[in-house]
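Colleague: Could you have a look at this structure, given as structure tokens, before my questions?
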Amino acid sequence: MTYTRFIERVFESGGCGMATIVDEAVDVDLAADGDPTAFVWKRFEHRVVGQPQALFSRQPWWRGDASPARIDIETWRVDAARGDEEPTRYDLRRDTTGRWTLAVAWT
């Protein structure tokens with residue numbers, strides 16, 4: 001099951017609030033231990049508040065352009081705020097080349 005399909009299933013079941021699939025490239029700042037500390041989306045910096053949660057899901061490496069060298073999809077669930085706004089929950093995904101995508105915004 002793809003990550004997008006997983007999010008669609010969560011949304012259909014009514015769990016975890018309302019999910020908006022964003023699927024846009026973002027720049028992510030990392031702490032020394034590798035945890036995301038901030039990301040830039042649509043020219044605005046969003047600072048991570050609290051402890052990010054690492055989530056890993058298996059990808060079908062035998063299909064498409066996936067590689068058997070990396071069978072897990074790395075996703076970070078973070079609560080982040082832009083300026084003084086209330087934090088929002090986001091899912092950040094890193095691909096095998098190190099590029100980051102803002103996958104989902106939870107409301």
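The values are calculated or read from the model by the stated rules, or taken from the named source; none is laboratory data. Please read all numbers here as calculations on a predicted model, not as lab measurements. Virtual Cβ from ideal backbone geometry, glycine too; neighbours counted across all protein chains shown.
Colleague: Give me the pairs, please: first residue somewhere in segment 44-56 and on the phi > 0 side of the Ramachandran plot, second residue anywhere and assigned to a strand (DSSP E or B), beta-carbon distance under 7 Å, and either six or more positions apart or on two chains.
Modeller: Pairs that qualify, where the first residue is on the phi > 0 side of the Ramachandran plot and the partner is assigned to a strand (DSSP E or B), are Gly50/Asp79.
Colleague: Kindly check whether there is at least one residue in segment 8-28 that is over 18 Å from Ala105 (Cβ atoms) and at pLDDT 65 or above.
Modeller: no
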